[in-house]
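This report concerns only the one structure given below.
The values are calculated or read from the model by the stated rules, or taken from the named source; none is laboratory data. Because the structure is a prediction, the values reported are computed rather than measured. Backbone-built Cβ (ideal geometry, glycine too); neighbour counts: all protein chains shown.
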Amino acid sequence: MEAPPVTMMPVTGGAINMMEYLLQGSVLDHSLESLIHRLRGLCDNMEPETFLDHEMVFLLKGQQASPFVLRARRSMDRAGSPWHLRYLGQPEMGDKNRHALVRNCVDIATSENLTDFLMEMGFRMDHEFVAKGHLFRKGIMKIVVYKIFRILVPGNTDSTEALSLSYLVELSVVAPAGQDMVSDDMRNFAEQLKPLVHLEKIDPKRLM
Amino acid sequence: MGVTCVSQMPVAEGKSVQQTVEILTRKLEMLGAEKQGTFSVDCETYHTAASTLGSQGQAGKLMYVMHNSEYPLSCFALFENGPCLIADTNFDVLMVKLKGFFQSAKASKIETRGTRYQYCDFLVKVGTVTMGPSARGISVEVEYCPCVVASDCWSLLLEFLQSFLGSHTPGAPAVFGNRHDAVYGPADTMVQYMELFNKIRKQQQVPVAGIR
């Protein structure tokens with residue numbers, strides 16, 4: 001019943017800008033086992049972790065040319081986990097020598113009424129998908145190998161169909177801005193996964 | 001969180017806000033309550049920027065972003081008569097990013113700060129409500145910690161409130177309303193604070209000098 005052990009001033013407006021450093025690649029279904037095997041050897045020793053997530057992407061259209069995008073993700077296999085709300089900024093252009101894609105990111109854990117709240121704010125769902133795969137860690141690096149499933153009936157996560165015959169591989173780090181050494185460490189790790197998978201910096205704008 | 005009732009204590013005739021707070025806290029101390037640190041609850045108001053309204057043609061809604069020192073790592077975002085989202089403090093960073101779509105209403109920040117008292121299973125918080133530099137009223141929050149179902153303990157809470165608020169005892173909060181057996185949670189307390197702050201905002205400014 002004691003007062004919480006923090007200062008009287010509530011924490012408002014975090015000043016730290018976190019950046020996400022990202023490298024992506026893909027492997028065909030039949031190569032999945034060998035990739036998992038190598039990752040298990042290279043990464044931190046932990047119980048193999050699988051996940052099944054449902055992600056919804058919301059847009060808020062304003063008078064600005066580009067709508068504001070927010071991603072709401074929930075776990076389908078871990079009951080009671082908070083929902084995860086994520087904002088990703090535009091990729092930082094500039095340093096061609098930087099090995100990873102860098103963009104501002106804000107991660108927020110929320111209660112379960114997130115979708116209702118976002119709709120009340122004026123957001124509308126643009127698309128949704130189910131992601132199923134494996135999670136590995138090496139220090140601050142996170143490696144996910146997952147398959148994307150298209151949801152056939154909006155809102156019904158039971159009827160899904162795989163989007164492709166491959167798995168998406170992502171190597172990411174979330175770190176405070178200005179820590180460019182992180183992308184060097186990521187590149188070194190990515191080297192060790194060749195030739196099973198080639199992880200590289202993929203500029204999303206070039207795909208459109 | 002136990003069932004909680006948030007109400008406003010009117011300023012005593014001929015006395016200042018600070019003096020009324022002192023009268024109340026003295027009554028609590030005589031009852032045997034122990035001082036246990038301080039508390040603060042604040043509220044910032046946002047409205048949808050004109051640019052987003054455009055084709056939708058609906059009136060802009062007001063969104064309240066609140067913090068409660070009892071839950072220092074959380075942030076509460078709510079709409080009047082709408083859902084209340086409980087998020088971590090990064091939500092404030094997100095509001096900064098959403099500046100173009102949601103604008104903070106001018107001089108809208110309202111907060112209450114004061115002392116926290118524990119009396120057996122009750123937690124009592126008496127705070128001075130301020131908007132900017134001026135004191136606008138007094139908030140009284142009483143929580144009965146062991147119980148989370150409003151209908152089970154409202155009579156007990158009422159009796160306790162009467163013992164130190166006397167004739168200023170409030171009626172049952174609207175949040176208890178229809179859901180008699182629903183489990184009470186922190187979001188319900190924040191809704192009560194939002195309603196209290198809105199009421200105080202509309203009231204005439206207290207015609208005494210602000211606390212110094």
Looking at the structure I just gave you, is A:Ser183 among the polar types (S, T, N, Q), touching a residue at least 40 places away in the same chain (Cβ under 8 Å) and under 13 Å from A:His99 (Cβ atoms)? yes
Output the residues belonging to the range A:70-90 that are free of Cβ contacts under 8 Å to residues at least 40 places away in the same chain, away from chain B (no Cβ under 11 Å) and among the aliphatic types (A, V, I, L, M). A:Ala79
Has the range B:75-87 got at least one residue that is facing chain A (nearest Cβ under 8 Å), under 21 Å from B:Val129 (Cβ atoms), touching a helix residue (DSSP H, G or I) at 6+ places or on another chain (Cβ under 6 Å) and touching a residue at least 24 places away in the same chain (Cβ under 8 Å)? yes
Residues of the range A:15-48 being outside any helix (DSSP H, G or I) and of a type in the set (Lys, Arg), in sequence order, are none
Counting only residues that are without any contact (Cβ under 8 Å) to a residue 40 or more places away in the chain, in a helix (DSSP H, G or I) and under 21 Å from the mean Cα position of the chain (by Cα), how many does the range B:10-29 have? 3
With the condition kept exactly as written, say whether any residue in the range A:91-101 is modelled with pLDDT of 90 or more and either away from chain B (no Cβ under 14 Å) or within 17 Å of A:Lys142 (Cβ to Cβ) (or both). no
The range B:36-80 - residue that is assigned to a loop (DSSP other than H, G, I, E, B) and modelled with pLDDT under 85 and, of those, farthest from the chain's Cα centre (by Cα): B:Gly57
From the list B:Thr38, B:Thr45, B:Thr25, which one is more than 9 Å from chain A (Cβ to nearest Cβ) and over 30 Å from A:Asn17 (Cβ atoms)? B:Thr25
Got a sec? Which strands (runs of 3 or more DSSP E) wholly within the range B:82-190 have at least 2 residues that are under 19 Å from the mean Cα position of the chain (by Cα) and either buried (at least 18 other Cβ atoms within 10 Å of the Cβ) or charged (D, E, K, R) (or both)? B:84-88, B:110-119, B:122-131, B:134-144
Considering only the range A:107-122, I want to know if a residue exists there that is more than 14 Å from chain B (Cβ to nearest Cβ) and buried (at least 18 other Cβ atoms within 10 Å of the Cβ). no
Does any residue of the range A:132-139 turn out to be assigned to a strand (DSSP E or B), among the charged types (D, E, K, R) and touching a strand residue (DSSP E or B) at 6+ places or on another chain (Cβ under 8 Å)? yes
Please find, within the range A:108-122, the residue that is nearest to A:Val57 (Cα to Cα) out of those that are in contact (Cβ under 8 Å) with a residue 12 or more places away in the chain and among the polar types (S, T, N, Q). A:Thr115
